[in-house]
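To keep things clear, I will list the structure first and then write my remarks on it.
What follows is calculated from the coordinates using simple rules that are stated; it is not laboratory data. Remember, predicted model here, so these are calculated numbers, not experimental data. We place every Cβ from the backbone using ideal geometry, glycine too, and count neighbours over all the protein chains shown.
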Amino acid sequence: EISCFDKQKVKILLVEDNKTNQKVAQLILRRLGYQIEIADNGQLAIEAIEAKPYDIVLMDIQMPELDGLEATRRIHQRWPPGQRPYIVAMTAHALRGDREKCLAAGMDDYVAKPIRPEELAAALGRWREKVEHSETYID
Ligand code: MN
């Protein structure tokens with residue numbers, strides 16, 4: 001466990017169109033010690049990131065207006081590495097190749113739905129490890 005990070009200070013944006021899934025994810029993250037903000041689709045997520053920076057985006061795939069794969073591509077076009085959030089896909093798709101599709105779109109990590117707290121905690125832990133080793137974070 002990395003203890004030097006204040007979990008309350010990690011800025012997390014949950015991008016999910018389903019209200020029930022929003023509530024479940026929020027509850028899991030709260031229990032893990034994180035606070036989140038929510039965007040209902042990919043378009044609103046991009047607007048939220050334009051308004052202020054986030055450390056982590058938890059991204060659903062199937063959403064109205066703008067889906068998770070296209071939203072991720074646009075985030076990559078808009079913000080250079082080091083200035084864009086770490087993007088974790090959340091997908092119910094059990095199809096082979098889905099992980100590859102998410103990674104090809106520019107997502108950094110992947111958790112399966114329904115979300116298991118230990119899996120989400122591990123993905124967030126990987127992000128923290130990544131930030132710890134990046135030089136830009138020191139500023
Ligand atoms: Mn969805």
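Coordinate range of the alpha-carbon atoms in region 1-73 per principal axis, descending: 38, 26, 18 Å. Over all other residues within a Cβ to Cβ distance under 9 Å of residue 65, the charged ones net out to -3, with Lys and Arg as +1 and Asp and Glu as -1. Region 27-46 and region 58-104 have Cα centres lying 15 Å from one another. In this simple spin-label model, placing a label point 7 Å from the Cα along the Cα-to-Cβ direction at both residue 77 and residue 129 gives a separation of 3.3 nm.
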